Amino acid sequence: MFQIGDIEIHIVNDGRVMVDGGGPFGLVPRKLWSRYLKPTEDNLVPMDLNCLLVKTAGQHLLVDTGLGSKLDQRMIDFWQLTRPNGSLLDGLSRLGLTAEDIDLVIDTHLHADHCSGNTLFSPEMEIVPSFPNAKYVVQRREYEDAMHPNERTRATYYPINYETLVNSGQMELLDGDTEIMPGIRGVVTPGHTPAHMSVVFESGGEYALFLCDLASFMINFERLGWMTAYDVEPLVTLETKRGWQKWALETNALLLSAHDTLIPAGHLRQDDRGNLKVDPVEV
């Protein structure tokens with residue numbers, strides 16, 4: 001648990017998947033990235049599915065919802081999904097919460113590994129909200145792109161995860177940077193997708209940033225030239241990271257990762273040679 005002024009933040013894990021190392025590291029040679037994260041013989045590396053449970057002003061917020069419960073066995077095998085500590089809902093239960101206790105869900109973007117837990121199948125096999133009392137928010141441009149994918153993006157956008165919520169009015173579409181509630185801002189951090197959103201927390205002179213897929217791993221945030229193969233606009237990612245690196249150094253912000261299995265949280269530092277490095281903090 002982390003305390004940012006009056007804001008309490010918990011990392012809640014929805015499981016771990018295995019992906020080809022060429023995904024999170026893109027054009028970076030394996031000889032380089034494997035020093036950071038050793039792959040399996042099949043060139044697979046682990047990625048966690050970290051969501052955030054945020055408590056502030058008597059409200060319970062979720063940032064992202066993981067892969068959820070709708071996957072069939074074929075997709076579970078495809079992702080090589082494991083959940084030794086249970087799902088997101090199990091994690092909420094350990095914090096004394098149920099799905100009905102969530103007041104707001106922030107979707108950073110609508111890729112399947114970040115928002116499939118938005119909805120679930122009812123006993124009648126209808127799509128229903130996983131968090132029935134919550135308002136959901138996502139960027140309008142992200143929703144429009146998700147509803148009109150192309151050959152490059154359609155493998156990760158599934159309307160079953162969000163269309164029903166928009167049609168019912170339960171999901172609100174945001175237009176650019178938005179103060180979602182006092183001390184919590186959704187900021188557009190383009191590159192991974194044009195309307196990818198990170199989340200800034202500010203309270204009592206302290207700061208935190210949920211990077212999400214602005215940088216899948218902390219080393220992607222440290223090194224401007226290390227972009228993922230998943231990024232739709234990689235050179236935009238580079239410039240977006242440049243600006244947020246500067247901000248992180250100036251504010252000493254706590255950085256929170258959606259996928260890093262080694263450094264889920266840390267602070268950006270500059271060493272004596274001018275190189276940037278994320279120092280981990282205990283989770």
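Summary table below
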read-out: Near pairs, Cβ below 6 angstrom, 6+ apart or cross-chain, from the stretch 114-130 (farther than 16 Å from Val12 by Cα) to any residue that is of a type in the set (Ser, Thr, Tyr) and surrounded by fewer than 19 Cβ atoms within 10 Å (Cβ to Cβ); value: Leu120/Ser69; Ile127/Thr164; Val128/Ser122
read-out: Helices (runs of 4 or more DSSP H) (entirely within the stretch 157-255) containing at least 1 residues that are closer than 20 Å to Cys51 by Cβ; value: 163-168, 218-222
read-out: All positions within the stretch 156-212 that are under 18 Å from the mean Cα position of the chain (by Cα), surrounded by fewer than 21 Cβ atoms within 10 Å (Cβ to Cβ) and on the phi > 0 side of the Ramachandran plot; value: Gly176
read-out: Failed condition for Leu256, given (1) within 16 Å of the chain's Cα centre (by Cα); (2) over 27 Å from Pro39 (Cβ atoms); (3) hydrophobic (A, V, I, L, M, F, W, C); value: (2)
read-out: Residue that is out of contact with any strand residue (DSSP E or B) (no Cβ under 7 Å at 6 or more places or on another chain) and on the phi > 0 side of the Ramachandran plot, where the choices are Gly86, Gly66; value: Gly86
read-out: In the stretch 90-112, the residues that are within 25 Å of Glu172 (Cα to Cα) and free of Cβ contacts under 8 Å to residues at least 24 places away in the same chain; value: Thr98
read-out: Identity of the residue in the stretch 70-108, among the acidic types (Asp, Glu) and within 19 Å of the chain's Cα centre (by Cα), that ends up farthest from Pro123 (Cα to Cα); value: Asp107
read-out: Options Val54, Val17; residue that is at pLDDT 95 or above, more than 18 Å from Val138 (Cα to Cα) and among the hydrophobic types (A, V, I, L, M, F, W, C); value: Val17
read-out: Search result, residues across the stretch 89-129 that are of a type in the set (Ser, Thr, Tyr) and either buried (at least 24 other Cβ atoms within 10 Å of the Cβ) or touching a Phe, Trp or Tyr at 6+ places or on another chain (Cβ under 7 Å) (or both); value: Thr108, Ser116, Thr119
read-out: Sole exception among (1) surrounded by 21 or more Cβ atoms within 10 Å (Cβ to Cβ); (2) without any contact (Cβ under 8 Å) to a residue 40 or more places away in the chain; (3) closer than 22 Å to Leu110 by Cα for Asp20, by number; value: (1)
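The values are calculated or read from the model by the stated rules, or taken from the named source; none is laboratory data. Everything numeric in this text was worked out from a predicted model, so none of it was measured. Positions of Cβ are generated from backbone atoms using ideal geometry, with glycine treated the same way; all protein chains shown enter the neighbour counts.
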